[in-house]
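Encoded as structure tokens, the structure appears first; notes follow it.
Derivation of every value follows stated rules applied to the coordinates shown; laboratory data play no part. Remember, predicted model here, so these are calculated numbers, not experimental data. Cβ sites come from the backbone with ideal geometry, for glycine too, and all protein chains shown count toward neighbours.
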Amino acid sequence: MRKYYQFVKKYPFSITCFILIWVLSLMPFFPETGLEDVAFIDKWTHLVMYGGTCGVLWMEYLRAHTRPKEGKKGTAKTPSPCAGGRLFLLAWLAPVLMSGLLELLQEYATTTRSGEWMDFAANSLGVSLGAVFGLIVMRIKRKIKPLSHY
């Protein structure tokens with residue numbers, strides 16, 4: 001139980017985003033927004049939802065796995081080395097698989113929603129863009145040098 005508590009403590013915003021995606025994806029209706037005239041608004045929504053969620057996941061990962069530099073004075077921090085495979089599964093593959101599962105559920109388990117391959121593609125593109133954003137932020141954080149005390 002403590003392990004789950006620590007996970008929730010490290011990733012509260014990511015968990016909230018994932019719950020919101022599940023709720024919005026399986027709602028039997030979707031309210032009118034007035035943006036129906038915007039070309040591909042549905043695909044843009046999918047891209048932003050999944051890209052934003054993946055970006056939040058990366059930021060929380062980097063926050064949770066950042067440690068003070070050893071042997072240096074000051075408060076500079078550096079990302080700890082991450083297990084590449086584990087981070088890949090958590091921050092890219094899991095959201096893509098969840099997206100596919102939700103599209104299948106929309107198609108076969110609901111009567112008011114329909115799953116679409118283009119929605120899945122938009123979700124996957126959003127997750128990929130979020131992952132690229134996370135990788136860039138991680139590289140920037142690793143290159144920041146600690147400030148020395150005066």
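At residue 1 and residue 136, where each label point lies 7 Å from the Cα along Cα→Cβ, what is the point-to-point distance in nanometres?
Going by the 7 Å Cα→Cβ label model, 4.4 nm.
Counting Lys and Arg as +1 and Asp and Glu as -1, what is the net charge of the other residues whose Cβ lies under 14 Å from the Cβ of residue 12? All intermediate terms of the calculation are to be shown ahead of the outcome.
On the way: positive: 9, 10, 63; negative: 60.
Taking every other residue near residue 12 into account, the sum is +2.
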